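Input: a single structure, listed below in structure tokens.
Computed from the coordinates by the stated procedures, all read-outs in this text should not be read as laboratory data. Treat the numbers as computed from the prediction; the structure is a model and nothing was measured. Don't worry about glycine lacking a Cβ; one is built from the backbone with ideal geometry, like all the others, and counts go over all protein chains shown.
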Amino acid sequence: MNCKQLIELVTDYLEGRLAGGDLERFEAHLSECPPCGIYLEQMRLTLRALGRIPAETISAEARDELLHAFAEWHAAGGPS
């Protein structure tokens, strides 16, 4: 697993949805890549600080803009 793949799976990992080989590869990468460990901890801290935002509190327009921005970022190569 490389850093980009880890970043794409971090939410699933934090929510306990990774299993089997994906979980093993994720944790193996973390053990060998200190920057990804820092990224994971930053995500944990961010989620704790912000809590969960209920979907109904985000307008459909804002949701669509965020999804569009993420799709463009992902198409451009996302994180390296």
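Taken along its three principal axes, the alpha carbon spread of the chain comes to 40, 29, 23 Å, from the longest extent down to the shortest. The order of the peptides 60-71, 36-47 by mean Cβ neighbours within 10 Å, most packed first, is 36-47, 60-71. For region 19-36, the Karplus equation 6.51 cos²θ - 1.76 cosθ + 1.60, evaluated at θ = phi - 60°, returns couplings of 9, x, x, 4, 5, 4, 5, 4, 5, 5, 5, 4, 5, 10, 9, x, x, 5 Hz by residue, with Gly and Pro reported as x.
Given an 8 Å cut-off on Cα distances and at least 6 residues of separation, report the relative contact order of the chain as a percent. Relative contact order comes out at 38 percent. Electrostatic tally near G77: other residues with Cβ closer than 13 Å to its Cβ, Lys and Arg +1, Asp and Glu -1, net -1.
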